[in-house]
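Report on one structure; see the data block that follows.
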Amino acid sequence: MTQLQTGQPVPVHSAPTSTPTPTPAQPPGTALGLPPSGGSPVPRGALADAADRVRSAATTEPGRLRIIGAVLAALVVVFGTVTAFEITDRASAADDVVSRSQPLSADAASVYRSLADADTAASSGFLAGSGAEPAGVRERYEKDISLASQLLIKAATHTDSSSESGRQIATLNEQLPLYTGRVETARTYNRQGLPLGGAYLRFANEQMSKVLLPAAQKLYDAESSRLDRDDEDARFWPILSIALGLLALGALGWAQHRSYRRTNRVFNHGLLAATAAATVVLLWLAVGHTVARSQLDEAREHGQKSLKVLNDARISSLKARANENLTLVARGAVLTDDGKRDKYESEYGAGMLKLSDGLGRAETLADDDEGRDPVKAAATSVAEWQLRHRAASTTDKSGDYDGALDKVIGAKDSTGESFDQVDAALAKALAHEQREFTRAARAGRDALGGLPLGAAALGVLGAAGAILGINRRLSEYR
């Protein structure tokens, strides 16, 4: 007290403090959640944020309903979209079968037939002698060459020049003028009565047999392979669309069952509409594609296969006819590799054997009388052709060349008459099978018509129905 009264300062004693325990040094910014380098905070991934929001929403019934509605709408839309894309692809392939692949394959076969027929006509005209060539034979030859040239131009406009078909077309365009030049040279020498004409005709035939016809065969094979690929693409099942359709229907069924268990209401009109839309698309898809496959199968089994066999048979008859003519042109000057038989006579026999075998297969493949009858008529003419050929061969071997010539190229009762009958019957059978193929292939293509647009539209409607159905349930929580 004395000190206070005297105004003397009172010393202040601070409380003893303890020395703080040192803590490990921490990088700046650690307490703020910054990275050790002091940079920006590490952002959370968008997927992680979305997952957190979904988990948060799933803790309440309205949130779960929103998630269910979004999933159902997405499933139905994806189902409709994938169906539209897959069926568009199938319909495009089916249209290619009808409007591109098969016509190009048929044109390639016609190129081969025209070249072989031109070679036959050239040898027939040569056999007519050193006088004027029969106008009909000359006209047939020129018509065949013109048709082959036109078809090659048409094929070139629809073909990539670097493809197998493009390469064969280039070969044919390059070699065809050389062939026609040799034929014209043969005719010139023949009109002058020089035997060199026969040599040029054989050279032309060799070029036809070893270059032109093999190139035409490769062209036909390439186009037939493209037809097979397009056909397979058109008939391939839309597995992804069907799987998505079943998944969407399963999810819609589960959602309606869940709603029934929680509300004891049998129907949710929005979900029911979505289910109906998905069901219609799935049934349309299954039925439409089944019908398309069935029609394309019919086109292949009763059209495409028959066309191939008939084309092969017609080509065999043309080759046989050309070799028959060349037998008289060469008069035994060209032998087989073993040197024991006449080359052209031997090849004639092989060609007739292939022709008879092809006609047998064609008759088996024909599924109606309109297709079978011309094949039977061709087989009858082939048998008659063989009988007449044997008679002509016997006459030729007896030394009567003019008599043999008349039996081969004469106007009546000749092998040429039989050949014309065979060719006409095969042309009739080919025309019928072509119509059958086109009818069935078009039916297959048309079975898919409207499905892509319908699937897309119904997918959108189904998604809208699913959203409306879920919103109806959500309104009960407001």
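Taking the average, over residues, of other Cβ atoms within 10 Å as the packing measure, peptides 218-230, 313-325 rank 313-325, 218-230 from highest down. Suppose R0 equals 45 Å. What FRET efficiency, 1/(1 + (r/R0)^6) with r the Cβ-Cβ distance, do A243 and D357 give to the nearest 0.05? For A243 and D357, the calculated efficiency is 0.45. Taking amide H as placed 1.01 Å from N in the peptide plane, L335 has its amide H under 5 Å from the amide H of K343, each at least 5 places away in sequence or on another chain.
Straight-line reach from K397: which lysines fall under 23 Å, measuring Cα to Cα and dropping same-chain residues less than 8 apart? Counting by Cα, and skipping residues close in sequence, K397 has these lysines nearby: K319, K340, K343, K407, K412. Take the Cα of V291, go 7 Å toward its beta carbon, and the backbone nitrogen atoms of segment 92-113 under 17 Å from that spot belong to 92, 94-95. Looking only at segment 373-390, which residues have a backbone nitrogen under 16 Å from a spot 7 Å from the Cα of K305 in the C-beta direction? Under 16 Å, as judged by backbone N against the label point of K305, lies no residue of segment 373-390.
With the highest mean first, a sort of the peptides 349-359, 416-426, 172-182 on other beta-carbon atoms found within 10 angstrom per residue produces 416-426, 349-359, 172-182.
For K143, the solvent-accessible surface computed with a 1.4 Å probe is close to 150 Å², ligands and nucleic acids excluded. Once the Cβ-Cβ distance of F203 and E139 is raised to the sixth power relative to R0 = 35 Å, the FRET efficiency obtained is 0.90. Among the listed pairs K305/K354; K218/K305; K143/K376; K218/K308, a Cα-Cα separation exceeding 20 Å is found for K143/K376. Ligands, DNA and RNA excluded, the heavy atoms of K308 present near 90 Å² of accessible surface to a 1.4 Å solvent probe.
Annotation: extensible slack from T60 through R331 equals 87.5 nm (criterion: 0.36 nm per residue apart, minus Cα-Cα distance).
Simple spin-label estimate for Y401 and E164 gives 4.5 nm between the two label positions (7 Å along the Cα-to-Cβ direction from each Cα).
If I take R0 = 41 Å and measure r between the Cβ atoms of A74 and R100 in this structure, what FRET efficiency does the formula 1/(1 + (r/R0)^6) give, to the nearest 0.05?
The calculated FRET efficiency here is 0.65.
Using Cα atoms only, what is the angle between the long axis of helix 164-191 and the major principal axis of the chain, expressed in degrees (0 to 90) to the nearest 10? Roughly 10 degrees, rounded to the nearest 10. Annotation for T380 and A128: the two label points, set 7 Å from Cα along the Cα-Cβ direction, are 3.0 nm apart.
For the chain, the longest principal axis of the C-alpha atoms and the axis of helix 61-96 are separated by about 10°. Principal-axis analysis of the Cα atoms of the chain puts helix 451-474 at an angle of about 20° to the longest axis.
The values are calculated or read from the model by the stated rules, or taken from the named source; none is laboratory data. Since this is a predicted model, take the numbers as computed values, not measurements. Please note: Cβ atoms are built from the backbone with ideal geometry, for glycine as well, and neighbour counts cover all protein chains shown. Just so you know, the surface numbers come from the protein's heavy atoms only, side chains and all, with ligands and any DNA or RNA stripped out. Shrake-Rupley method; radii C 1.70, N 1.55, O 1.52, S 1.80 Å.
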